[in-house]
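Okay, so here's the structure we're looking at.
The values are calculated or read from the model by the stated rules, or taken from the named source; none is laboratory data. Keep in mind it's a predicted model, so treat the numbers as computed, not measured. Note that each Cβ is placed from the backbone with ideal geometry, even for glycine, and that neighbours are counted across all protein chains shown. When the accessible area is computed, the model is the full protein with side chains, heavy atoms only, and any ligands, DNA or RNA have been set aside. Shrake-Rupley method; radii C 1.70, N 1.55, O 1.52, S 1.80 Å.
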Amino acid sequence: GIQVEQSPPDLILQEGANSTLRCNFSDSVNNLQWFHQNPWGQLINLFYIPSGTKQNGRLSATTVATERYSLLYISSSQTTDSGVYFCAVASARQLTFGSGTQLTVLP
Amino acid sequence: GAVVSQHPSRVICKSGTSVKIECRSLDFQATTMFWYRQFPKQSLMLMATSNEGSKATYEQGVEKDKFLINHASLTLSTLTVTSAHPEDSSFYICSAAGGDRLRRANYGYTFGSGTRLTVV
């Protein structure tokens, strides 16, 4: 099956700093999503981005499908950004999740 | 739009009992639903794919008789953990695919809020 790798596994930032999270995948995909899992476990859909670039407020994402990677940018981080960020991809109908990046933003 | 409701959010049960978790698509018809399990500090692992009106497809290593899945309508899939044991304690999350192609193309897959199961 398709392999999904995320880096870094852990990231600690001071409030106000910027960060880049990376997702590499092993095969062509027709679906790529970035999620934020909050402390209660809920998955918040951040971006659906199988290719190209999207922005939503302080967050933006870029997927380069031909090179099989995606990047999530967080600017001016806030403590509420803390949590686990997952990348998930699908080549058929099911999503395969990466191992996640645990982000901690310190006040 | 594209809301998936999952209940209960938290359940504690005794060993040997069964627990049913419901996953509903509220504003669209979900022809396919997915059930995931997540252990603490780990990623989400797909357990099974549930198709309306047919048998679920289970991932390797997932016991069909232990995790019963029923997808009797286009808006409801249920996961029943039978004869639960403490090692079944985990976070279970459902996801739905369906609705119109344009919505899926713009938003991808939608997830429920999860069920935290504790077996004592």
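Computed quantities for the displayed model
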item: Extreme residue, nearest to the other protein chains (Cβ to nearest Cβ), among residues of the stretch A:24-61 that are of a type in the set (D, E, K, R) and under 14 Å from the mean Cα position of the chain (by Cα); result: A:K54
item: Where a residue in the stretch A:12-31 is in a strand (DSSP E or B) and its partner, wherever it lies, is hydrophobic (A, V, I, L, M, F, W, C) and exposed (fewer than 13 other Cβ atoms within 10 Å of the Cβ), with Cβ under 9 Å and at least six apart; result: A:I12/A:L106; A:L13/A:L106; A:Q14/A:L106
item: Residue satisfying condition, being at pLDDT below 90, among the polar types (S, T, N, Q) and surrounded by 17 or more Cβ atoms within 10 Å (Cβ to Cβ), within set B:T32, B:T78; result: B:T32
item: Top-ranked residue of the stretch A:1-57 - restricted to ones that are more than 19 Å from A:L103 (Cα to Cα), out of contact with any Leu (no Cβ under 8 Å at 6 or more places or on another chain) and not polar (S, T, N, Q), ranked as surrounded by the most Cβ atoms within 10 Å (Cβ to Cβ); result: A:L32
item: Every residue from the stretch A:64-107 that is open to solvent by 10 Å² or more (accessible area, probe 1.4 Å), closer than 30 Å to B:N51 by Cα and part of a strand (DSSP E or B); result: A:V84, A:T96, A:F97
item: B:Q6 touching a Cys at 6+ places or on another chain (Cβ under 9 Å), touching a residue at least 40 places away in the same chain (Cβ under 8 Å) and more than 18 Å from A:L95 (Cα to Cα); result: yes
item: Scope the stretch A:41-63; condition within 21 Å of B:Q42 (Cα to Cα) and outside any strand (DSSP E or B); matching residues; result: A:G41, A:Q42
item: Single residue of the stretch B:35-46 satisfying the filter (polar (S, T, N, Q) and assigned to a loop (DSSP other than H, G, I, E, B)) that is surrounded by the fewest Cβ atoms within 10 Å (Cβ to Cβ); result: B:Q42
item: Residue list for the stretch B:81-101, restricted to those being outside any loop (DSSP other than H, G, I, E, B), buried (at least 19 other Cβ atoms within 10 Å of the Cβ), touching a residue at least 40 places away in the same chain (Cβ under 8 Å) and more than 14 Å from chain A (Cβ to nearest Cβ); result: B:V81
item: Residue that is nearest to A:G98 (Cα to Cα), among those in the stretch B:47-68 that are open to solvent by less than 30 Å² (accessible area, probe 1.4 Å) and assigned to a strand (DSSP E or B); result: B:M47
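Yes or no, residue by residue, for (1) over 14 Å from the mean Cα position of the chain (by Cα); (2) on the phi < 0 side of the Ramachandran plot; (3) among the aliphatic types (A, V, I, L, M):
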residue: B:R24; (1), (2), (3): no, yes, no
residue: B:F28; (1), (2), (3): yes, yes, no
residue: B:T32; (1), (2), (3): no, yes, no
residue: B:Q38; (1), (2), (3): no, yes, no
residue: B:K41; (1), (2), (3): yes, no, no
residue: B:T49; (1), (2), (3): no, yes, no
residue: B:G53; (1), (2), (3): yes, no, no
residue: B:Y58; (1), (2), (3): no, yes, no
